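Colleague: Structure below; questions to follow.
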Amino acid sequence: MSDKKKIAVLPGDGIGPEIVGEALKVLELIGKKSGFEFDTSSGLIGGAAIDETGGPFPEETKELVLSSDAVLLGAVGGPKWESLDYAIRPERGLLGLRATLGTFANLRPAKIYDVLADASTLKKEIIQGIDIMVVRELTGGIYFGQPKGVETLADGSKKGVNTLVYTTHEIERIAKVAFEVARKRDKRVCSVDKANVLECTELWREVVTEVHKDYADVELSHMYVDNAAMQLIRNPKQFDVVVTTNMFGDILSDAASMLTGSIGMLPSASIGGKVGIYEPIHGSAPDIAGQGKANPIATIMSVAMMFKYAFGMDEAYDTIDNAIVRVLEKDHRTPDIRQDGCKVVGCEEMGRLILDEIEA
Ligand code: NAD
């Protein structure tokens, strides 16, 4: 490969620096083995950025990500910044990053590793073999809609408002991503909405049905979000691709993560914009930050997704995925996926074991 790729690295807060550190080692090793040439530059986001610059998404970070080919992100947030005004909280940095890059499609795979089928809180026969891709709309909906905020009324009481908004264009483009993704999988899309109550998602259902006319080879079904939450736990194997709004996708993908054993296992890719963002789906886990206990697999798999979606290196994806399978088969576990008879290792040790398998 001749042109050197630029990767922006934003470790963030809490366990962010720990897990990103392990993921970077994997990035470097795969680069060395495959001849993939790249440069990394670190930037501040979230609470770390607030402490240094006063804001969660500084101008320098904005310039850095806009001039990169891919962004590797850890996680943001923590108790230290919870008393700040919403407009400058760490989580605002994430929303700013996504909006700046226009990454409207968030791909969240929930696939179970066979050896972890016993680590889930659900029965093995329910979850073994699940392979779901949640396609979450990421730059619209209730997290961005105006008006929003909390105002004090004349009588001194308060009113909180958030607004759910979607345009035809926003729904069309996320529906297309879902159908395209399904074409490379089991060719089934379940669109999740609340069309019986929310007019905005009635439009969602209408537009998804319209876009489907160009994808006759893919089966489309619709489901209300409350039923989808229930079906995910009752019979998750019925799902292939799930496409849904920003907030429903946020919630359902966390639920789907528990099917696979731990939120520490699930990566994501946010695509469709100027530059893709690759990050674990979990947060900054302040309860275990700095203790060396975090599971780095979600972040390492996010690097695998970067190779696949940003650089078309499907083989690198498989190399990383297979290395993780072998480490798990050799009964190494971080505390979040601890199982009887297995050796519990920390974040750095898990990273090293994965590197060893990639080397092998
Ligand atoms: P969380 O995902 O950080 O943690 C939930 C639970 O899962 C915790 O018990 C944590 O220890 C565990 N966990 C998460 N990742 C893990 C990993 N890699 N290995 C082992 N265990 C792991 O969610 P939360 O506690 O609700 O939020 C903590 C902070 O993170 C908040 O400030 C929240 O706003 C922020 N947050 C950020 C993002 C993001 O950066 N994308 C996403 C969600 C939450």
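The values are calculated or read from the model by the stated rules, or taken from the named source; none is laboratory data. The structure presented is a predicted model; accordingly, all values stated were derived computationally and were not measured. Glycine also receives a Cβ, built like all others from the backbone with ideal geometry; neighbour counts cover every protein chain displayed. Quick note on the areas: whole protein, heavy atoms, side chains included, nothing else; ligands and nucleic acids left out. Shrake-Rupley method; radii C 1.70, N 1.55, O 1.52, S 1.80 Å.
Colleague: Roughly speaking, what is the stretch gain from Arg352 to Asp51, that is 0.36 nm per residue apart minus the C-alpha to C-alpha distance, in nm to one decimal?
Modeller: Numbers: separation 301, 0.36 × 301 = 108.36 nm, distance 3.12 nm.
Length gained between Arg352 and Asp51: 105.2 nm.
Colleague: So how compact is region 131-259: Cα radius of gyration and Dmax in angstrom?
Modeller: 16.0, 58
Colleague: Helix hunt in the chain: which complete DSSP H runs extend at least 24 Å axially by C-alpha with mean Kyte-Doolittle at least 0.0?
Modeller: Answer set is 16-34.
Colleague: If ligands, DNA and RNA are left out, what is the accessible area of Glu18 with a 1.4 Å probe, given in Å² to the nearest 10?
Modeller: 40 Å²
Colleague: May I ask you to work out the translational diffusion coefficient for region 240-318 at 37 °C, viscosity 0.692 mPa s, via Stokes-Einstein with Rh from the Kirkwood sum over Cα pairs, reported in whole µm²/s? Spell out each step's value before the answer.
Modeller: Values: Rh = 13.7 Å.
Here the translational diffusion coefficient equals 240 µm²/s.
Colleague: Quick check: residue separation of Glu125 and Ser41 times 0.36 nm, minus the Cα distance between them. What number comes out in nm? Walk me through the intermediate numbers first.
Modeller: Working: separation 84, 0.36 × 84 = 30.24 nm, distance 4.45 nm.
Fully extending the segment from Glu125 to Ser41 adds 25.8 nm.
Colleague: Using Cα springs under 10 Å in a Gaussian network model of the chain, which residue among Met230, Met258, Met247 shows the largest mean-square fluctuation?
Modeller: Sorting by GNM fluctuation, first place goes to Met230.
Colleague: Label point 7 Å out from Lys237 along Cα-to-Cβ: which residues of region 113-139 have amide N under 12 Å?
Modeller: 124-131
Colleague: Now for a different question. Among the lysines, which have Cα under 23 Å from the Cα of Lys148 when same-chain residues fewer than 8 positions away are ignored?
Modeller: Lys158, Lys159, Lys194
Colleague: Ignoring ligands, DNA and RNA, please state the percent of accessible area on region 258-357 from carbon and sulfur, probe 1.4 Å.
Modeller: 46 percent
Colleague: Can you pick out the pairs among Lys184/Lys274; Lys5/Lys25; Lys33/Lys293 whose Cα atoms lie more than 18 Å from each other? Intermediate results must be reported in sequence, preceding the final value.
Modeller: Numbers: Lys184/Lys274 23 Å; Lys5/Lys25 16 Å; Lys33/Lys293 28 Å.
Listed pairs above 18 Å: Lys184/Lys274; Lys33/Lys293.
Colleague: Considering the chain, what Rg and Dmax in Å follow from its alpha-carbon atoms?
Modeller: 20.2, 69
Colleague: Here's something else I'd like to know. Calculate, for region 253-360, the solvent-accessible area per residue in square angstrom, rolling a 1.4 angstrom probe over the heavy atoms of the protein chains.
Modeller: Here the residues of region 253-360 average 37 Å² of exposed surface.
Colleague: So if we plug the beta-carbon distance of His222 and Asp318 into 1/(1 + (r/R0)^6) with R0 = 30 Å, what FRET efficiency do we get, rounded to 0.05?
Modeller: Details: r = 34 Å, r/R0 = 1.12.
Rounded to the nearest 0.05, the efficiency is 0.35.
Colleague: Something else about it: How do His169, His212, His282 rank by accessible surface area computed with a 1.4 Å probe, from largest to smallest? Please list the in-between numbers first.
Modeller: Working: His169 110, His212 45, His282 20 Å².
Order by accessible area, largest first: His169, His212, His282.
Colleague: As an exercise, use a Förster radius of 35 Å and the Cβ-Cβ distance of Leu84 and Val344 to find the FRET efficiency, rounded to the nearest 0.05.
Modeller: Between Leu84 and Val344 the formula returns 0.45.
Colleague: Run the numbers for Asp287 and Thr163: contour at 0.36 nm per residue of separation, minus the present Cα-Cα distance, in nm.
Modeller: This chain segment gains 41.5 nm when fully extended.
Colleague: Taking all protein chains together and a probe of 1.4 Å, list Glu180, Glu82, Glu22, Glu315 from the most accessible to the least accessible.
Modeller: Heavy-atom accessible area, descending, gives Glu315, Glu82, Glu180, Glu22.
Colleague: I've got another one for you. What list of ³J(HN,Hα) values in whole Hz, one per residue of region 69-80 in order, does the Karplus curve 6.51 cos²θ - 1.76 cosθ + 1.60 (θ = phi - 60°) give from phi, with Gly and Pro shown as x?
Modeller: Here the 3J(HN,Hα) series is 9, 6, 10, 9, 10, x, 7, 10, x, x, x, 4 Hz.
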